[in-house]
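See below for the structure under consideration.
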Amino acid sequence: MQAQAERLSDTAKAEAAERLVDLERYPLLDLTAPAGAALLARGRAQLRAEGACVLPGFLRPEAVAAATAALQPLLGGAYYCAKSHNPYLDGGDPAFLPEHPRNRQQVSDVGALADDQIPADSPLRRLYGWYRLQAFIAALLEVPRLYPYADPLGSLNLNIFRPGQQLGWHYDNADWVVTLMLQSAEAGGVYEYVPWSRTPDDERYEPVGRILDGAGEGLRQLAMGEGTLVLFRGRRSIHRVTPVEGSRPRLVAVLSYDTEPGVMLSEYNRELFYGRAG
């Protein structure tokens, strides 16, 4: 009886997650059917060419409204990071001068709701745990399977950018990141990136230095309207979010997965973005 109840519960959770997504536009329930296969082909081509797969209107407007409304009462508990860091999100390298791109300090000023602050029954949590979404992202990445992070803080997050706040130039520690725009800023808050700005064998410090100096060389912007799901190759493409303008905060969910189970953030990154190690 308990196993049957758990199966029914899993079915109900899956059905609830399905209702959040525009499945007519994004037929991810059957990726072997012609429409699903075409969706996969487009997404994979975009990832290879641009380092990002952008799916506007992935979440239905009513789902965006419900997810945002559920999170609004929690925003006061966010931790606001106003710290400097290098573009590699680590402690730096003393072999290089402070002004070298390897150590050049950037400013990130952003709030975060950690995984342990997002309720189990929130629409965002239902979407994050939905196996169909995980299978779709895995198929886009051409990997066998994805697992949610095991990190108690960094698995599912909400990033909050209030007026004047930004995310400085950086590379992600993960090979990819999945984000969902819930509320865009009135102005500013633009996601800028340079695709494939480094390789596994070459950090390309010279062009990275020019990017940090403000050069527009290879610069692209992601159009992220509300409800847009983005799969981004952040380990190889340097990126930032420009300062937010206006009175409305920019709200972006970050859904973290990996090809291996049990993945955790470093203590350095937990302290940087959440103000606590656990």
Surrounding charge for Ala45, neighbours by C-beta under 15 angstrom, Lys/Arg +1, Asp/Glu -1, total +2
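Using DSSP to call loops (not H, G, I, E or B), can you name the GluC sites (Glu not before Pro) in the range 199-237 whose Cβ has at most 16 other Cβ atoms within 10 angstrom? Write out the running numbers ahead of the final one.
On the way: sites: Glu203, Glu217, Glu226; in loops: Glu203, Glu217, Glu226.
Here the GluC sites (Glu not before Pro) that fit, given the DSSP loop and packing criteria, are Glu203, Glu217.
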Gyration tensor (Cα only) of the range 2-274 to equivalent ellipsoid, semi-axes in Å sorted down, yields 31, 21, 18
If Met224, Met264, Met181 are placed from fewest to most neighbouring beta carbons inside 10 Å, the sequence is Met264, Met224, Met181
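What list do you get for Glu142, Glu50 if you sort them by fewest beta carbons within 10 Å?
Working: Glu142 10, Glu50 17.
Arranged by neighbour count, lowest to highest, Glu142, Glu50 become Glu142, Glu50.
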If each part is reduced to its alpha-carbon centroid, the range 224-239 and the range 197-213 end up apart, in Å, by 19
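Quick one: order Trp169, Trp130 by neighbouring beta-carbon count within 10 Å, fewest to most. Show your work: numbers first, answer last.
Working: Trp169 23, Trp130 19.
Sorted ascending by nearby Cβ count, the order is Trp130, Trp169.
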To the nearest 10 degrees, the tilt of helix 131-141 (Cα long axis) against the first principal axis of the alpha carbons of the chain is 40
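May I ask you to derive the relative contact order of the chain, considering only C-alpha pairs under 8 Å and at least 6 residues apart, and to give it as an integer percent?
Across the chain, relative contact order equals 26 percent.
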Neighbours of Val178 by Cβ distance under 13 Å: Lys/Arg at +1, Asp/Glu at -1, summed charge -2
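So, counting K/R as plus one and D/E as minus one, what does the shell of residues with Cβ under 12 Å around Asp116 add up to? Let's see the in-between values first.
On the way: positive: Arg125, Arg270, Arg276; negative: Asp115, Asp151.
Surrounding charge for Asp116 is +1.
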Those chymotrypsin sites (Phe, Trp or Tyr not before Pro) from the range 6-88 that are DSSP loop and have at most 12 other Cβ neighbours within 10 Å turn out to be none
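None of the figures in this text is laboratory data; all of them are computed from the coordinates on show. These figures come from a predicted structure and were not determined experimentally. Quick reminder, even Gly has a Cβ in these numbers, built from the backbone with ideal geometry, and neighbours come from all protein chains shown.
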